[in-house]
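Before any comments, here is the structure.
Every read-out reported here was derived from the displayed coordinates using simple, explicitly stated rules and does not represent laboratory data. Since the structure is predicted, the reported quantities are computational estimates derived from the model, not experimental observations. Positions of Cβ are generated from backbone atoms using ideal geometry, with glycine treated the same way; all protein chains shown enter the neighbour counts.
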Amino acid sequence: MLKHCLPAAIAILICGCGQNRSASKATDTTATEVSITDTTGEKPVSAQQLILPGQSIGTININENADSVLSKLGKPDAGDAAMGKSLSTWYAKHDTSGYETQVFFSKQMGTADEASRVKQIRITSPWFKTMDYMSTGMHLQTIESKKEFSLKKTARYTNGNRQFFIYNDADAGIAFEIDDRNVCTGIIVHEPGKDVNASYIAFHPNAQLITK
C-alpha cells in the first residue's frame, strides 16, 4: 500500500469501541478528566477521549514508540510497511465497516534512534473530541464557526465516486477530513508545522490525492 503513496503520502488512531482490553478501557466513562474545562459549558472531555492538536488522540501520542502503541491497542486489524514507514489500522469490534483508528509510523534510518515512532494519528469515531467538543460527524460550517483553528483547504482526493477535502491547521498540528456533503469523516493529529499531506494517502490506498 505505502509504495503507492510515497509521491504524496499521509496519516492517523484509537477507535473508541472496545476491540481489545486496552481499547475497551478507552470507553470507560469513569476515566480521569482533564483539568482544563472546554468552552462549551459541557462536561470536560475525559483524557481517554481528548484530541490534543499536535500532541495526541486519547492515549496515543505523537512521537510515541510503536511498541508502546501496540501494547495499548493490541495487534492491528490491518497494516503495511515499506522503507522505514508503516501504517496500522484498528477497526471497531474488528469489523472493517466500523470506526477506524489509524497510526502512521516512521523511523529515522541511520540515526542513533531508529525506533519506529508515531507521526500521524487518524480517527473516524465521534467519541473523540477536542477541548471545544469538535468531532467527526460535524458539519464543516460548525467546525469553522468555533474559530478554534486556522483551517486551510490544502488538498482534495477522490475515492471511488466520492470526493474528500483536507482542511489543515499546520501550526496547530490538526487536520479535518471533509466529505462532499461538507461533513467531517476523519480527524488527523500530526506534528506541528508538518505537511499533513506528506503521509495522508497511506490511510486511503485506493485514493488519488491532488494537492491544492
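Net charge near residue 86: determine it from the other residues with C-beta under 11 Å of the C-beta of residue 86, scoring Lys and Arg +1 and Asp and Glu -1. My count for the surroundings of residue 86 gives +3. A DSSP coil position with no more than 13 other Cβ atoms inside 10 Å describes the following GluC sites (Glu not before Pro) in segment 109-196: 114.
Residue order for 116, 150, fewest other beta carbons within 10 angstrom first, comes to 150, 116.
Model label sites at residue 114 and residue 146, defined 7 Å from Cα along the beta-carbon direction, differ in position by 4.2 nm. For residue 98, the residues 5 or more places off, or on other chains, whose built amide H falls under 5 Å of its own are 92. Neighbour counting of Cβ atoms within 10 Å sorts the residues 83, 138, fewest neighbours leading, into 83, 138.
Computed from the C-beta positions of residue 181 and residue 93, the FRET efficiency with R₀ = 25 Å rounds to 0.45.
Of 139, 94, the sequence from fewest to most neighbouring Cβ atoms within 10 angstrom is 94, 139.
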